[in-house]
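Peer 1: Handing you a structure now.
Bear in mind these aren't lab numbers, they're just calculated from the coordinates by the rules spelled out. The structure displayed is predicted, hence computed values, not measured ones. Every residue, glycine as well, gets a Cβ built from its backbone with ideal geometry; the counts of neighbours run over all protein chains shown.
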Ligand SMILES: CC(C)(COP(=O)(O)OP(=O)(O)OC[C@H]1O[C@@H](n2cnc3c(N)ncnc32)[C@H](O)[C@@H]1OP(=O)(O)O)[C@@H](O)C(=O)NCCC(=O)NCCS
């Protein structure tokens with residue numbers, strides 16, 4: 001058996017890649033669109049005796065990381081045909097794929113996992129959680145009723161796009177893990193119809209001066225309720241509000257769908273979303289939290305330097321046993337002026353020692369150094385070192401990525 005790990009050469013091989021991915025995920029839905037927006041050299045595939053047997057893609061994203069734009073590989077389409085599984089193909093592909101990302105100046109890889117178990121062994125750490133709300137709009141009133149000076153306007157997708165794109169950009173810019181959306185991401189996410197040919201609705205909140213301050217995209221569809229009520233579901237697909245007024249305006253707009261017995265919001269609002277603090281009865285949201293983005297630090301030196309920090313400080317960080325990205329092993333001194341950072345290799349004793357998975361979780365801001373120390377993924381030389389790491393790595397916003405890929 002000869003194994004070769006390399007990208008697809010051309011569109012024909014990309015078609016084989018599409019067939020494997022469709023088989024592995026038991027779905028052909030959206031594959032033509034996905035292949036049309038995938039370049040052959042974004043893939044890393046495993047060939048056994050000349051035949052393609054396993055696939056991986058890495059989309060060249062730019063992602064906000066605590067407010068800064070960082071190039072990241074968006075890992076997707078990971079699959080091995082069943083008769084080639086458990087022979088190390090994915091391990092080979094992942095090793096090669098991470099080395100390629102490093103060469104391309106993508107210091108971080110991110111992905112949505114079918115199972116976290118697949119990726120933790122490759123040094124991925126949980127970087128963002130997803131929040132799902134499911135509620136009866138009649139029982140989701142805000143604690144304080146305020147008369148809002150603005151208005152909500154419904155727009156068709158075509159006319160909405162020039163209005164909502166700048167709103168998304170303004171919302172995403174200071175945030176953490178939101179992707180710079182190219183058109184395929186809009187089309188496959190926020191603006192994707194539920195079924196081909198069905199509508200996607202857009203509602204924009206404008207302030208009293210007529211300036212757009214937020215929007216939602218959403219579907220409505222028929223579904224019988226479990227109890228009394230209307231027979232519709234309203235599913236929000238994207239929710240952007242630049243201020244509290246726009247948030248409240250959009251929330252009240254959603255609640256005016258009197259025939260909806262259920263509103264569903266799946267990963268459209270972040271873990272630090274304000275709805276639980278605004279509602280009269282937060283329990284009505286039936287909030288559920290799940291794992292969302294897994295992150296791999298591909299190039300520690302560049303990844304550490306790419307992120308803005310929250311306070312001034314100097315911290316020596318040792319990375320422990322990174323087998324897949326051995327260039328990450330060693331100690332780095334991170335010096336920040338409270339915003340930008342400088343990173344250099346260092347020989348002195350470390351203030352914190354962190355595993356590859358732990359580093360990803362720390363850098364994303366999902367967990368503090370102290371919290372990671374409780375799980376054994378990080379060790380601090382002293383309490384003081386842990387406190388400094390907590391303060392430096394804190395982020396202004398909880399990590400949140402509303403886009404699937
Ligand atoms: C996940 C998948 C790509 C693994 O492919 P593979 O070529 O068999 O993987 P490898 O042989 O390289 O195994 C890599 C390691 O992961 C482990 N592993 C593989 N699948 C696993 C799973 N489902 N759960 C837990 N561990 C798993 C293997 O034991 C192996 O560990 P080791 O290297 O420490 O021995 C393959 O099982 C698959 O296509 N699954 C269905 C699609 C899927 O879930 N893709 C991921 C989408 S996010």
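Peer 1: Which three semi-axes in whole Å describe the equivalent ellipsoid of segment 299-393, each the square root of 5 times a Cα gyration tensor eigenvalue, listed largest first?
Peer 2: Value: 17, 16, 13 Å, ordered largest first.
Peer 1: Can you give me the angle between helix 157-172 and the longest principal axis of the chain, using Cα atoms only, in degrees from 0 to 90, rounded to the nearest 10?
Peer 2: Between the helix axis and the principal axis of the chain, the angle is about 50 degrees.
Peer 1: Calculate, axis by axis, the spread of Cα positions in segment 86-203 along the three principal axes, and write the results as whole Å, longest axis first.
Peer 2: 60, 34, 32
Peer 1: Using a Förster distance of 35 angstrom, determine the FRET efficiency expected from the C-beta separation of residue 375 and residue 257, and round it to 0.05.
Peer 2: Rounded to the nearest 0.05, the efficiency is 0.25.
Peer 1: Can you tell me the 0 to 90 degree angle between the C-alpha axis of helix 244-255 and the longest principal axis of the chain, rounded to 10?
Peer 2: With rounding to tens, the tilt is 60 degrees.
Peer 1: Could I ask something else about it? Tell me, what are the semi-axes, in whole angstrom and largest first, of the equivalent ellipsoid of the chain as set by the roots of 5 times the Cα gyration tensor eigenvalues?
Peer 2: Values for the chain, descending: 37, 29, 18 Å.
Peer 1: Further, regarding this structure: Please report how far the C-alpha centroid of segment 44-65 lies from that of segment 146-160, rounded to the nearest whole angstrom.
Peer 2: So the separation of the two Cα centres works out to 41 Å.
Peer 1: Quick check on the chain: helices-only [θ] at 222 nm, where DSSP H runs of length 4 and up contribute -39,500 (n - 2.57) each and the sum goes over total residues. Nearest 500, please.
Peer 2: Mean residue ellipticity at 222 nm (helix-derived): -8000 deg cm²/dmol.
Peer 1: Report Rg(Cα)/(2.2 N^0.38 Å) for segment 3-106, keeping two decimals.
Peer 2: Working it through for segment 3-106, the quotient is 1.07.
Peer 1: On full extension of the chain, what length is gained from residue 382 through residue 231, given 0.36 nm per residue of separation minus the C-alpha to C-alpha distance?
Peer 2: Once the chain is fully extended between residue 382 and residue 231, it gains 48.5 nm.
Peer 1: Relative to the longest principal axis of the C-alpha atoms of the chain, give the angle of the C-alpha long axis of helix 383-393, reported between 0 and 90° and rounded to the nearest 10°.
Peer 2: 60
Peer 1: For the chain, what relative contact order do you get, as a whole percent, if you take Cα pairs closer than 8 Å and at least 6 residues apart?
Peer 2: Dividing the mean separation by the residue count of the chain yields 19 percent.
Peer 1: Give me the mean projected area, in nm² to one decimal, of the convex hull enclosing the Cα positions of segment 272-353.
Peer 2: 7.8
Peer 1: Could you grab the relative contact order for segment 3-106? Cα pairs under 8 Å, six or more apart, rounded to a whole percent.
Peer 2: Contact order relative to length: 27 percent.
Peer 1: Hey, how many Å between the Cα centroid of segment 327-405 and the Cα centroid of segment 242-302?
Peer 2: A separation of 27 Å, based on Cα centres.
Peer 1: What would the Debye equation give as log₁₀ I(q)/I(0) for segment 131-289 at q = 0.11, 0.19 Å⁻¹, counting only Cα atoms as equal point scatterers?
Peer 2: Listed by q, the Debye log ratios stand at -0.42, -1.35.
Peer 1: Then there's this: Taking 1 over the mean of 1/r across every pair of different Cα atoms in segment 195-310, what Kirkwood radius in Å do you get?
Peer 2: For segment 195-310, inverting the mean 1/r across all distinct Cα pairs yields 16.9 Å.
Peer 1: Compute the length gained on full extension between residue 394 and residue 280: take 0.36 nm times their separation in residues and subtract their Cα-Cα distance, giving the result in nm to one decimal.
Peer 2: Length gained, residue 394 through residue 280: 38.1 nm.
Peer 1: Given a Förster distance of 30 Å, report the FRET efficiency between residue 83 and residue 339 from their Cβ-Cβ distance, rounded to the nearest 0.05.
Peer 2: That gives a FRET efficiency of 0.05.
Peer 1: How high is the relative contact order of segment 299-393, in percent, with contacts defined as C-alpha pairs under 8 Å that are six or more residues apart?
Peer 2: 29
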